[in-house]
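First the structure, in the form of C-alpha coordinates, and then the observations on it.
The values are calculated or read from the model by the stated rules, or taken from the named source; none is laboratory data. Please read these numbers as outputs of a predicted model, since none were measured by experiment. All Cβ positions, even for glycine, are placed from backbone atoms using ideal geometry, and neighbour counts span all protein chains on display. Quick note on the areas: whole protein, heavy atoms, side chains included, nothing else; ligands and nucleic acids left out. Shrake-Rupley method; radii C 1.70, N 1.55, O 1.52, S 1.80 Å.
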Amino acid sequence: MTTTAAAWMVTRLGAPTEALEIQAVEVDEPGVNQVRIKVEAFCLDFNDIDTIRGRYGLLKFEPPFVIGMAAAGTVDATGPGCEALLGRRVVGTTVGVKGGYASVALLDGPLLQQLPAWLSAAQGVAMYFPYQLSYLALAIRGRVAPGDVVLVHAAAGGVGSAAVQLAKAFGATVIGTAGSDEKVAFCRSLGADYAVNYRSEDFVAFVEDVTNGRGVDVAFDTVGGTVTTETFRVMAFNGRHLIIGFASGIEAEERPLPMQPSIYGNFDLVGICFAYVDSPRATRLFGMNFLSTAQGVDIWNRVLHLARAGTIRPVIGRQIDFAEVPVELEALERRETTGRTVVRTMA
(Lines give C-alpha, C1' and ligand atoms only; values in the text may rest on other atoms or scores of the structure.)
Protein backbone atom coordinates (compact mmCIF):
# COMPACT_ATOMS: atom_id res chain seq x y z
CA MET A 1 0.00 0.00 0.00
CA THR A 2 1.42 3.40 -0.97
CA THR A 3 1.63 6.40 1.33
CA THR A 4 1.56 10.10 0.52
CA ALA A 5 4.59 12.31 1.21
CA ALA A 6 5.52 15.95 0.82
CA ALA A 7 8.64 16.08 -1.34
CA TRP A 8 10.95 18.41 -3.20
CA MET A 9 10.34 17.58 -6.87
CA VAL A 10 12.81 18.47 -9.61
CA THR A 11 10.39 19.79 -12.24
CA ARG A 12 13.13 20.76 -14.72
CA LEU A 13 16.90 20.82 -14.77
CA GLY A 14 18.52 24.04 -13.59
CA ALA A 15 19.27 26.13 -10.52
CA PRO A 16 17.63 24.75 -7.35
CA THR A 17 15.53 27.88 -6.78
CA GLU A 18 14.12 27.52 -10.29
CA ALA A 19 13.91 23.74 -10.61
CA LEU A 20 12.46 22.60 -7.26
CA GLU A 21 8.82 22.56 -6.13
CA ILE A 22 7.16 21.00 -3.09
CA GLN A 23 4.64 18.42 -4.30
CA ALA A 24 2.62 15.56 -2.85
CA VAL A 25 3.96 12.22 -4.08
CA GLU A 26 3.06 8.57 -3.59
CA VAL A 27 5.76 6.41 -2.01
CA ASP A 28 5.51 2.69 -2.75
CA GLU A 29 5.66 -0.21 -0.35
CA PRO A 30 9.28 -1.31 0.14
CA GLY A 31 10.54 -4.09 -2.10
CA VAL A 32 13.07 -6.84 -1.39
CA ASN A 33 15.88 -5.59 0.89
CA GLN A 34 14.25 -2.17 1.24
CA VAL A 35 12.65 -0.23 4.08
CA ARG A 36 10.33 2.76 4.15
CA ILE A 37 10.95 5.46 6.74
CA LYS A 38 9.19 8.47 8.13
CA VAL A 39 11.95 10.95 7.45
CA GLU A 40 13.13 13.03 10.38
CA ALA A 41 16.18 14.63 8.76
CA PHE A 42 18.25 14.72 5.61
CA CYS A 43 21.35 16.62 4.45
CA LEU A 44 22.02 18.85 1.49
CA ASP A 45 24.76 17.52 -0.79
CA PHE A 46 26.89 18.72 -3.70
CA ASN A 47 25.93 15.60 -5.64
CA ASP A 48 22.28 16.63 -5.36
CA ILE A 49 23.11 20.05 -6.83
CA ASP A 50 24.86 18.43 -9.78
CA THR A 51 21.89 16.11 -10.29
CA ILE A 52 19.38 18.98 -10.17
CA ARG A 53 21.43 20.87 -12.74
CA GLY A 54 21.75 17.77 -14.95
CA ARG A 55 25.53 17.72 -15.02
CA TYR A 56 26.20 14.51 -13.06
CA GLY A 57 27.06 11.93 -15.70
CA LEU A 58 26.42 8.90 -13.47
CA LEU A 59 23.07 10.18 -12.17
CA LYS A 60 21.09 11.38 -15.15
CA PHE A 61 17.42 11.57 -14.21
CA GLU A 62 14.69 13.03 -16.38
CA PRO A 63 12.30 15.36 -14.53
CA PRO A 64 10.07 15.06 -12.69
CA PHE A 65 11.83 13.23 -9.86
CA VAL A 66 12.36 13.68 -6.12
CA ILE A 67 15.92 14.59 -5.25
CA GLY A 68 17.89 13.22 -2.28
CA MET A 69 20.54 10.51 -1.80
CA ALA A 70 20.21 9.83 1.95
CA ALA A 71 17.81 10.28 4.87
CA ALA A 72 17.26 9.30 8.50
CA GLY A 73 14.11 8.35 10.38
CA THR A 74 12.00 5.55 11.79
CA VAL A 75 11.14 2.45 9.74
CA ASP A 76 7.37 2.14 9.23
CA ALA A 77 7.37 -0.65 6.61
CA THR A 78 9.81 -3.31 5.45
CA GLY A 79 10.32 -5.51 2.43
CA PRO A 80 11.48 -9.14 2.45
CA GLY A 81 14.91 -9.41 4.08
CA CYS A 82 14.53 -6.35 6.32
CA GLU A 83 11.67 -7.40 8.61
CA ALA A 84 13.81 -7.10 11.77
CA LEU A 85 14.21 -3.35 11.18
CA LEU A 86 10.53 -2.46 11.60
CA GLY A 87 10.23 0.35 14.14
CA ARG A 88 13.99 0.95 14.27
CA ARG A 89 15.67 4.34 13.84
CA VAL A 90 17.96 4.17 10.84
CA VAL A 91 19.97 6.23 8.38
CA GLY A 92 20.83 5.18 4.86
CA THR A 93 21.01 5.68 1.12
CA THR A 94 17.76 6.06 -0.79
CA VAL A 95 16.58 3.50 -3.33
CA GLY A 96 17.85 4.58 -6.72
CA VAL A 97 19.82 7.37 -4.95
CA LYS A 98 16.83 9.70 -5.16
CA GLY A 99 13.74 10.47 -3.08
CA GLY A 100 15.36 11.60 0.18
CA TYR A 101 14.12 15.20 0.24
CA ALA A 102 10.70 14.09 1.45
CA SER A 103 8.65 13.31 4.55
CA VAL A 104 8.64 9.58 3.59
CA ALA A 105 11.37 7.73 1.71
CA LEU A 106 12.53 4.28 0.63
CA LEU A 107 16.01 3.21 1.76
CA ASP A 108 18.30 0.52 0.38
CA GLY A 109 18.76 -2.30 2.93
CA PRO A 110 22.43 -3.14 2.25
CA LEU A 111 23.45 0.49 2.93
CA LEU A 112 21.39 0.99 6.09
CA GLN A 113 22.89 1.79 9.46
CA GLN A 114 21.03 1.82 12.77
CA LEU A 115 21.01 4.91 14.99
CA PRO A 116 21.79 4.43 18.68
CA ALA A 117 19.54 6.12 21.24
CA TRP A 118 22.20 8.73 22.11
CA LEU A 119 22.42 10.00 18.51
CA SER A 120 19.70 12.20 17.02
CA ALA A 121 18.48 11.76 13.45
CA ALA A 122 20.10 15.08 12.53
CA GLN A 123 23.45 13.98 13.98
CA GLY A 124 23.17 10.56 12.40
CA VAL A 125 22.49 11.81 8.88
CA ALA A 126 25.25 14.43 9.27
CA MET A 127 27.70 11.63 10.11
CA TYR A 128 26.44 8.90 7.77
CA PHE A 129 28.12 9.78 4.49
CA PRO A 130 31.09 11.98 5.54
CA TYR A 131 32.39 9.76 8.33
CA GLN A 132 31.96 6.40 6.63
CA LEU A 133 33.52 7.76 3.44
CA SER A 134 36.38 9.37 5.35
CA TYR A 135 37.02 6.23 7.41
CA LEU A 136 37.09 4.12 4.24
CA ALA A 137 39.43 6.60 2.57
CA LEU A 138 41.83 7.28 5.42
CA ALA A 139 41.97 4.05 7.42
CA ILE A 140 41.37 1.39 4.78
CA ARG A 141 42.44 2.79 1.42
CA GLY A 142 44.92 5.42 2.64
CA ARG A 143 46.33 3.35 5.53
CA VAL A 144 46.93 6.45 7.65
CA ALA A 145 49.27 5.74 10.55
CA PRO A 146 50.50 7.78 13.54
CA GLY A 147 53.05 10.31 12.38
CA ASP A 148 51.71 10.64 8.84
CA VAL A 149 51.10 14.11 7.44
CA VAL A 150 47.63 14.37 5.91
CA LEU A 151 46.47 17.18 3.63
CA VAL A 152 42.68 17.66 3.65
CA HIS A 153 41.20 19.82 0.92
CA ALA A 154 37.91 21.66 1.56
CA ALA A 155 38.53 20.89 5.21
CA ALA A 156 35.67 23.06 6.51
CA GLY A 157 33.04 21.26 4.44
CA GLY A 158 30.81 18.33 5.32
CA VAL A 159 33.25 15.62 4.27
CA GLY A 160 36.44 17.56 4.95
CA SER A 161 35.46 18.32 8.54
CA ALA A 162 34.99 14.59 9.12
CA ALA A 163 38.35 13.80 7.53
CA VAL A 164 40.20 16.31 9.72
CA GLN A 165 38.79 14.76 12.89
CA LEU A 166 39.40 11.16 11.83
CA ALA A 167 42.94 11.85 10.63
CA LYS A 168 43.71 13.39 14.03
CA ALA A 169 42.11 10.39 15.74
CA PHE A 170 44.47 8.14 13.76
CA GLY A 171 47.50 10.10 15.03
CA ALA A 172 48.26 12.17 11.94
CA THR A 173 49.48 15.74 11.56
CA VAL A 174 46.75 17.50 9.57
CA ILE A 175 46.99 20.37 7.09
CA GLY A 176 43.63 21.76 5.97
CA THR A 177 42.74 24.02 3.06
CA ALA A 178 39.67 26.27 3.09
CA GLY A 179 38.26 29.24 1.17
CA SER A 180 38.17 31.99 3.81
CA ASP A 181 39.96 33.10 6.95
CA GLU A 182 36.86 32.21 8.98
CA LYS A 183 36.91 28.69 7.56
CA VAL A 184 40.63 28.42 8.28
CA ALA A 185 39.90 29.20 11.93
CA PHE A 186 37.09 26.63 11.85
CA CYS A 187 39.51 23.97 10.57
CA ARG A 188 41.85 24.68 13.45
CA SER A 189 38.94 24.37 15.88
CA LEU A 190 38.36 20.85 14.51
CA GLY A 191 41.95 19.91 15.28
CA ALA A 192 43.90 20.77 12.14
CA ASP A 193 47.52 21.49 13.02
CA TYR A 194 47.88 23.86 10.09
CA ALA A 195 45.35 25.51 7.80
CA VAL A 196 45.60 27.75 4.75
CA ASN A 197 43.20 30.01 2.86
CA TYR A 198 43.68 28.77 -0.69
CA ARG A 199 42.03 31.91 -2.10
CA SER A 200 44.65 34.25 -0.64
CA GLU A 201 47.69 31.96 -0.40
CA ASP A 202 49.38 29.34 -2.57
CA PHE A 203 48.57 26.07 -0.79
CA VAL A 204 51.47 24.32 -2.53
CA ALA A 205 53.99 26.81 -1.13
CA PHE A 206 52.29 26.61 2.29
CA VAL A 207 52.53 22.80 2.39
CA GLU A 208 56.13 22.84 1.22
CA ASP A 209 56.95 25.28 4.01
CA VAL A 210 55.26 23.45 6.90
CA THR A 211 56.63 20.06 5.78
CA ASN A 212 60.15 21.42 5.20
CA GLY A 213 59.91 20.37 1.56
CA ARG A 214 59.09 16.73 2.34
CA GLY A 215 55.46 16.79 1.23
CA VAL A 216 52.44 14.92 2.59
CA ASP A 217 51.95 11.20 3.11
CA VAL A 218 48.23 11.35 2.32
CA ALA A 219 46.13 13.86 0.37
CA PHE A 220 42.36 13.76 0.94
CA ASP A 221 41.01 15.24 -2.29
CA THR A 222 37.28 15.84 -2.79
CA VAL A 223 37.80 18.79 -5.12
CA GLY A 224 39.36 17.55 -8.37
CA GLY A 225 40.40 19.68 -11.33
CA THR A 226 43.46 21.87 -10.93
CA VAL A 227 43.47 21.24 -7.17
CA THR A 228 44.27 17.60 -7.92
CA THR A 229 47.08 18.33 -10.36
CA GLU A 230 48.56 20.98 -8.04
CA THR A 231 48.42 18.48 -5.17
CA PHE A 232 50.64 16.14 -7.19
CA ARG A 233 53.43 18.64 -6.46
CA VAL A 234 53.23 18.16 -2.68
CA MET A 235 53.10 14.38 -2.46
CA ALA A 236 55.87 12.75 -0.42
CA PHE A 237 57.75 9.64 -1.50
CA ASN A 238 55.41 6.64 -1.19
CA GLY A 239 52.45 8.97 -0.55
CA ARG A 240 48.79 8.17 -1.23
CA HIS A 241 46.68 10.69 -3.11
CA LEU A 242 43.06 9.80 -2.35
CA ILE A 243 40.74 10.66 -5.25
CA ILE A 244 37.32 11.00 -3.59
CA GLY A 245 35.23 13.65 -5.34
CA PHE A 246 34.99 16.49 -7.84
CA ALA A 247 33.44 19.48 -6.06
CA SER A 248 35.18 21.87 -8.44
CA GLY A 249 33.19 20.38 -11.34
CA ILE A 250 31.64 16.92 -11.60
CA GLU A 251 32.57 16.79 -15.28
CA ALA A 252 36.15 16.03 -14.18
CA GLU A 253 35.00 12.60 -13.00
CA GLU A 254 34.87 11.44 -16.60
CA ARG A 255 38.23 12.93 -17.66
CA PRO A 256 41.48 10.95 -17.44
CA LEU A 257 44.17 11.96 -14.97
CA PRO A 258 47.81 12.25 -16.09
CA MET A 259 49.83 9.31 -14.78
CA GLN A 260 53.33 10.73 -15.27
CA PRO A 261 53.42 12.75 -12.00
CA SER A 262 52.61 9.61 -10.01
CA ILE A 263 55.30 7.63 -11.81
CA TYR A 264 58.10 10.14 -11.33
CA GLY A 265 56.79 11.22 -7.94
CA ASN A 266 56.74 7.66 -6.58
CA PHE A 267 53.28 8.11 -5.06
CA ASP A 268 49.99 6.24 -5.43
CA LEU A 269 46.74 7.45 -6.95
CA VAL A 270 44.04 5.83 -4.81
CA GLY A 271 40.40 5.72 -5.90
CA ILE A 272 37.61 5.80 -3.29
CA CYS A 273 33.98 4.78 -3.81
CA PHE A 274 31.56 4.61 -0.87
CA ALA A 275 29.14 1.73 -1.45
CA TYR A 276 28.18 -1.47 0.36
CA VAL A 277 26.56 -4.50 -1.24
CA ASP A 278 25.18 -7.84 -0.02
CA SER A 279 27.72 -9.78 -2.07
CA PRO A 280 30.87 -8.06 -3.39
CA ARG A 281 31.44 -10.98 -5.76
CA ALA A 282 28.55 -9.90 -7.99
CA THR A 283 30.07 -6.46 -8.56
CA ARG A 284 33.39 -7.98 -9.63
CA LEU A 285 31.73 -8.95 -12.92
CA PHE A 286 31.73 -5.23 -13.76
CA GLY A 287 35.25 -4.56 -12.49
CA MET A 288 34.03 -3.01 -9.22
CA ASN A 289 35.27 -3.64 -5.69
CA PHE A 290 32.61 -2.69 -3.17
CA LEU A 291 32.63 -3.50 0.52
CA SER A 292 30.10 -5.91 1.98
CA THR A 293 27.27 -4.78 4.25
CA ALA A 294 29.04 -6.51 7.15
CA GLN A 295 32.17 -4.45 6.50
CA GLY A 296 30.03 -1.33 6.36
CA VAL A 297 28.44 -2.11 9.71
CA ASP A 298 31.93 -2.57 11.18
CA ILE A 299 33.03 0.84 9.87
CA TRP A 300 29.87 2.49 11.24
CA ASN A 301 30.45 0.84 14.64
CA ARG A 302 34.02 2.15 14.73
CA VAL A 303 32.82 5.65 13.84
CA LEU A 304 30.14 5.50 16.55
CA HIS A 305 32.70 4.34 19.12
CA LEU A 306 34.87 7.40 18.36
CA ALA A 307 31.84 9.70 18.50
CA ARG A 308 30.57 8.34 21.81
CA ALA A 309 34.04 8.71 23.29
CA GLY A 310 34.07 12.37 22.20
CA THR A 311 37.05 11.86 19.89
CA ILE A 312 35.01 13.04 16.90
CA ARG A 313 31.69 14.84 16.60
CA PRO A 314 29.11 15.42 13.88
CA VAL A 315 29.56 18.87 12.36
CA ILE A 316 26.21 20.52 11.65
CA GLY A 317 26.80 24.01 10.31
CA ARG A 318 23.13 24.83 9.76
CA GLN A 319 19.79 23.26 10.63
CA ILE A 320 17.08 24.52 8.31
CA ASP A 321 13.38 24.06 7.71
CA PHE A 322 11.98 22.01 4.83
CA ALA A 323 10.87 25.13 2.93
CA GLU A 324 14.41 26.57 2.89
CA VAL A 325 15.94 23.78 0.78
CA PRO A 326 16.35 25.54 -2.62
CA VAL A 327 17.90 28.70 -1.18
CA GLU A 328 20.26 26.74 1.07
CA LEU A 329 21.33 24.46 -1.78
CA GLU A 330 22.50 27.53 -3.64
CA ALA A 331 24.32 28.76 -0.51
CA LEU A 332 26.09 25.40 -0.41
CA GLU A 333 26.96 25.75 -4.09
CA ARG A 334 28.49 29.19 -3.40
CA ARG A 335 30.68 27.63 -0.66
CA GLU A 336 29.04 29.72 2.06
CA THR A 337 28.54 26.85 4.51
CA THR A 338 30.63 24.82 6.93
CA GLY A 339 30.02 21.23 7.96
CA ARG A 340 26.68 19.70 6.96
CA THR A 341 23.42 21.52 6.34
CA VAL A 342 20.67 19.39 7.92
CA VAL A 343 17.01 19.72 6.99
CA ARG A 344 14.21 19.17 9.48
CA THR A 345 11.24 17.53 7.77
CA MET A 346 7.55 18.25 8.23
CA ALA A 347 6.88 14.63 9.29
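GNM on the chain, C-alpha springs below 10 Å: top fluctuator among ALA117, ALA154, ALA72?
Residue with maximal mean-square fluctuation among ALA117, ALA154, ALA72: ALA117.
With springs connecting C-alpha atoms under 10 Å apart, model the chain as a Gaussian network and identify which of THR222, THR211, THR173 has the largest mean-square fluctuation.
THR211
Over the chain, average the accessible area per residue using a 1.4 Å probe and give it in Å², no decimals. Could the numbers behind the result be given before it?
Values: 14820 Å² over 347 residues.
Computed with neighbouring chains in place, this is 43 Å² per residue.
For the chain, modelled as a GNM with alpha-carbon contacts under 10 angstrom, which of ALA275, ALA219, ALA156 fluctuates the most?
Looking only at ALA275, ALA219, ALA156, the biggest GNM fluctuation is shown by ALA275.
Whole-Hz Karplus ³J(HN,Hα) for region 225-238, in order, using 6.51 cos²θ - 1.76 cosθ + 1.60 and θ = phi - 60°, x for Gly and Pro?
3J(HN,Hα) across region 225-238, in whole Hz: x, 5, 4, 5, 5, 5, 5, 3, 6, 10, 7, 6, 4, 6.
Taking LYS60 as the anchor, which lysines have their alpha carbon closer than 21 Å to its alpha carbon, excluding any fewer than eight residues away along the same chain?
By straight Cα distance, LYS60 reaches LYS98.
Please report the spacing between the Cα centers of region 114-185 and region 200-224 in Å, no decimals.
Using only Cα atoms to place each centre, the spacing works out to 17 Å.
Under 8 Å for C-alpha pairs, at least 6 residues apart: give me the relative contact order for region 55-107, rounded to a whole percent. Let's see the in-between values first.
Values: 72 pairs, mean separation 21.6, N = 53.
In percent, rounded to a whole number, it is 41.
Over the chain, what is the relative contact order in percent, taking alpha-carbon pairs closer than 8 angstrom and at least six residues apart? Please list the in-between numbers first.
Details: 793 pairs, mean separation 60.6, N = 347.
Result for the chain is 17 percent.
Restricting to Cα atoms and excluding each atom paired with itself, what does the Kirkwood estimate give for region 225-347 in Å? If you can, show how the numbers build up before the last one.
Values: mean 1/r = 0.0548 Å⁻¹.
About 18.2 Å, per the Kirkwood formula over Cα pairs.
Using a 1.4 angstrom probe on heavy atoms only, work out the carbon and sulfur share of the accessible area of the chain in %.
51
Looking at the chain, which longest stretch skips every one of the chymotrypsin sites (Phe, Trp or Tyr not before Pro) that is in a DSSP loop with at most 15 other Cβ atoms within 10 Å, leaving the sites themselves out?
On the way: sites that count: TRP118, PHE286.
My reading of the result: 119-285 is the longest stretch.
First select every other residue whose beta carbon is under 15 angstrom from the beta carbon of LYS183; then total the charges, Lys and Arg +1, Asp and Glu -1. Could the numbers behind the result be given before it?
Values: positive: ARG188, ARG199, ARG318, ARG334, ARG335, ARG340; negative: ASP181, GLU182, GLU201, GLU336.
Its environment carries a net charge of +2.
What is the P(r) of region 18-156, as percent of Cα-Cα pairs per 10 Å bin from 0?
Spelled out per bin, shortest first, that is 12, 37, 33, 15, 3, 0.
Show which lysines lie in cross-link reach of LYS168 when reach means a straight Cα distance below 24 angstrom and same-chain residues fewer than eight apart are skipped.
Partners within reach: LYS183.
Give me the net charge for the shell around ASP217: Cβ to Cβ below 10 angstrom, other residues only, Lys and Arg +1, Asp and Glu -1. Kindly include the intermediate steps, with their values, before the conclusion.
Working: positive: ARG143, ARG214, ARG240; negative: ASP148.
With Lys, Arg at +1 and Asp, Glu at -1, the neighbours total +2.
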